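The structure appears right after this line, and notes come after that.
What follows draws every value from the coordinates through simple rules; no lab data is involved. Every value quoted in this text rests on a predicted model; they were computed, and no experiment measured them. Note that each Cβ is placed from the backbone with ideal geometry, even for glycine, and that neighbours are counted across all protein chains shown.
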Amino acid sequence: MWPRIRPIQLRRRPAVRAACPRRGFGRRTGRPLLPPTAPGASERGQVLVLVALSMVMLLGATALSVDVGRLWQTRRAVQNASDAAALAGAGVLLDTSSQAQAQSAAQSYAAMNAQGSSAQVNIPPATGPNQGNASCVEVITSEPLQATFARVLGFSTWNVDARSVACIVDVPKPYAIIAMNASECETIELEGNTRINIDGAGIFDNSECSRIDEAAFDAEGNVQVTSAINSVVGSWSITGNSTVSPTPTHAPHITDPLADLPPPTPPSGPARSCPGLISSGSVTLQPGVYDGCQITIDGNANVTFAAGDYYVSGGIQIQGTAQVTFGAGIYSLDGVGFRVSGDAQVSGDGVTFYLSSSEHDECLEFKGNGRLHLTAPSSGPYAKILVFANRNGNCDEMEVEGNATWDTGGTWGTIYGPTAELELEGNVQMSNPTSFQYIVNTLEAEGNTVVNIKWNGNVLAQVPSVKLAE
């Protein structure tokens with residue numbers, strides 16, 4: 001018999017009666033019944049306020065990230081334009097000494113590098129630490145920048161300003177050979193098989209000569225020049241098999257680096273008797289004044305000048321096979337100046353030769369097969385000055401020729417002759433490094449001259465350059 005199946009009765013859940021607002025008063029409180037707030041309504045109102053505030057903050061952040069970035073980018077561009085304009089103006093001022101041309105150049109560079117900007121150029125600067133300095137150019141640049149997102153914060157336009165000051169300043173540089181003549185052509189003339197090697201310094205030609213057929217610096221034949229730097233105010237000509245390394249570059253005029261050094265003052269005493277000609281034996285001379293006297297040392301004489309200061313009115317001439325030693329001191333020589341020839345051997349440490357030479361144009365002469373070992377003082381007012389030729393134009397020629405050899409055992413010092421032409425001719429050998437420096441009016445080298453110079457911290461040339469000062 002099949003089991004009896006009872007039908008399943010599904011129970012209905014009681015319907016939830018929606019809360020309807022009641023009118024009237026509550027049964028217990030007696031207060032008016034208000035419609036209840038829908039779930040989440042208050043939170044939605046708060047979110048709207050937060051979203052509105054967040055949008056303002058977001059726009060502000062966008063303004064900071066976009067407009068401030070544009071502001072700094074424009075600031076850099078305006079500053080770079082201002083720097084370039086100031087440097088350009090100072091460069092023109094250096095080349096031409098014309099404030100009007102310098103101002104025009106600065107304005108042009110500012111307009112070219114920062115379009116839409118305005119530039120004010122002051123020569124000399126109107127403000128700052130270089131105020132009133134006629135060697136400086138001041139450029140003040142301003143450019144308007146329109147705000148983008150920052151407008152919501154109340155900003156519409158910024159004025160981006162920059163200020164730069166560039167000045168002409170002297171930069172010390174090492175040059176072992178300096179030709180001071182500022183206008184003549186071929187003020188440095190190198191010919192034949194001349195070899196010049198300079199370690200740690202360079203060559204400076206102060207001449208502005210720049211013609212079609214002539215140059216300030218001329219190298220022809222089989223000349224070889226190697227140095228750290230070669231600077232020429234005018235033009236240069238390198239022909240034949242000649243090589244000059246590095247190739248010369250243009251430079252502004254320089255002034256005499258020793259212009260402020262006064263000439264030595266000859267001693268006033270004691271008066272010494274004139275030995276005249278010394279041709280044999282060993283002789284020691286004492287410092288003092290040898291007036292009306294030319295000292296000539298010849299033959300196989302061996303002469304020592306005791307340390308101290310000398311004045312020899314007729315100069316000193318050394319020849320033959322003489323051996324001469326100069327003690328430390330200053331030797332003021334008039335007359336024939338200082339001349340060495342033949343096979344003479346000359347040495348001296350801590351010496352300076354002042355060549356006043358009022359009677360002869362040629363004040364310094366080394367020729368023949370002689371050997372010289374000479375060093376300048378290492379201290380005192382004439383430190384590093386080996387030869388000081390007068391500036392009055394009487395000494396207009398210094399000559400080294402033949403087979404003269406400069407001893408490498410310590411020969412060093414500056415040969416200073418601002419009005420003299422230095423001639424190196426024949427087979428002059430400075431083949432081992434010497435520490436000479438030549439500051440002369442002009443220089444000519446020819447034949448088989450070999451000059452090797454190792455810079456020893458001699459006199460630095462002050463080369464005008466432009467640099468940002470502010």
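Observations
- Largest-first principal axis extents, alpha carbons of the range 252-363, Å: 53, 31, 27
- Long-range HN-HN contacts of residue 243 with modeled amide H, under 5 Å: 223, 224, 225
- Least to most buried among 414, 187, 96, 419 (fewest other Cβ within 10 Å first): 96, 419, 414, 187
- The lysines whose alpha-carbon is closer than 16 Å to the alpha-carbon of residue 173, local same-chain residues fewer than 8 away aside, are 454, 467.
- For the range 82-87, 3J(HN,Hα) per residue [Karplus equation, 6.51 cos²θ - 1.76 cosθ + 1.60, θ = phi - 60°, Hz, x = Gly/Pro]: 5, 4, 4, 5, 5, 5
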